[in-house]
Amino acid sequence: AKDLALAGIKSLSLHDPKPAEPFDMSSQFYVTEKDLGKSRAEVSAVQLGELNPNTRIEVLDGNVGYEDLKRFNLVICSDTIFGECVQVNDACRELGIKFIMAQTRGVFGTVFVDFGKDFVVYDDNGEAPAMSIVSSITKDSP
């Protein structure tokens, strides 16, 4: 959301009704101790609004349904249960809305992008994507 606001998009709607918890202070840099218990979306909206006054920031409360999605060009799901992401993606695809899912779990992460059936990705070099495996982690300094 921060990068989108800084990029200057016209509007940004946030839906994250979960209350901020102490754990969130380690991964969500807009959450402070005074924000604990408040909606993470509301806490973020204040800070995001200060980054770019030309981007309108809105907080969506309650459940977001099929009809609510119709007004968006792009929907991004993060920190959302996978099954819910699938349902949102199905609705977005039916409505012709672009969809991105980004999930992280510790050091692991996935990204799924669905920009519709007419979106084509051209492979410039045909090389297989690079992959790495973390075999060990230590507390030692380099």
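How many residues does the stretch 88-137 hold that are β-branched (V, I, T) and outside any loop (DSSP other than H, G, I, E, B)? Number satisfying all stated conditions: 6. For V43, are the conditions met, namely being at pLDDT 85 or above and closer than 20 Å to A1 by Cβ? Yes.
If I ask for residues that are over 30 Å from F23 (Cα atoms), in contact with a strand residue (DSSP E or B) (Cβ under 9 Å, 6 or more places away or on another chain) and not hydrophobic (A, V, I, L, M, F, W, C), which ones from the stretch 69-89 would you list? Residues satisfying the conditions are R71, N73.
Select, from A102, A20, A91, the only residue that is surrounded by 13 or more Cβ atoms within 10 Å (Cβ to Cβ), touching a Ser or Thr at 6+ places or on another chain (Cβ under 6 Å) and either over 29 Å from G116 (Cα atoms) or without any contact (Cβ under 8 Å) to a residue 60 or more places away in the chain (or both). Quick ask: steps written out before the conclusion?
Working: A20 fails: touching a Ser or Thr at 6+ places or on another chain (Cβ under 6 Å); A91 fails: touching a Ser or Thr at 6+ places or on another chain (Cβ under 6 Å).
That would be A102, the only listed residue that is surrounded by 13 or more Cβ atoms within 10 Å (Cβ to Cβ), touching a Ser or Thr at 6+ places or on another chain (Cβ under 6 Å) and either over 29 Å from G116 (Cα atoms) or without any contact (Cβ under 8 Å) to a residue 60 or more places away in the chain (or both).
Is there a residue being more than 20 Å from G8 (Cα to Cα) and surrounded by 14 or more Cβ atoms within 10 Å (Cβ to Cβ) anywhere in the stretch 50-57? No, every residue in the stretch 50-57 fails to be more than 20 Å from G8 (Cα to Cα) and surrounded by 14 or more Cβ atoms within 10 Å (Cβ to Cβ). Within the stretch 66-81, the set of residues being under 16 Å from the mean Cα position of the chain (by Cα) and surrounded by 12 or more Cβ atoms within 10 Å (Cβ to Cβ) comprises L69, F72, L74, V75, I76, C77, S78, D79, T80. Summed over the stretch 29-43, the residues that are surrounded by fewer than 17 Cβ atoms within 10 Å (Cβ to Cβ) and within 17 Å of the chain's Cα centre (by Cα) give a count of 2. So V107 fits all but one of (1) under 18 Å from Q28 (Cβ atoms); (2) of a type in the set (V, I, T); (3) buried (at least 16 other Cβ atoms within 10 Å of the Cβ); what number is the exception? So the condition that V107 fails would be (3). Criterion first (farther than 25 Å from V111 by Cβ, in contact (Cβ under 8 Å) with a residue 24 or more places away in the chain, open to solvent by 30 Å² or more (accessible area, probe 1.4 Å) and not aliphatic (A, V, I, L, M)) does D61 satisfy it? Considered against the rule, which asks whether it is farther than 25 Å from V111 by Cβ, in contact (Cβ under 8 Å) with a residue 24 or more places away in the chain, open to solvent by 30 Å² or more (accessible area, probe 1.4 Å) and not aliphatic (A, V, I, L, M), D61 comes out as yes.
The values are calculated or read from the model by the stated rules, or taken from the named source; none is laboratory data. All values derive from a computational prediction rather than experimental measurement. Glycine also receives a Cβ, built like all others from the backbone with ideal geometry; neighbour counts cover every protein chain displayed. Heavy atoms of the whole protein, side chains included, go into the accessibility calculation; ligands, DNA and RNA do not. Shrake-Rupley method; radii C 1.70, N 1.55, O 1.52, S 1.80 Å.
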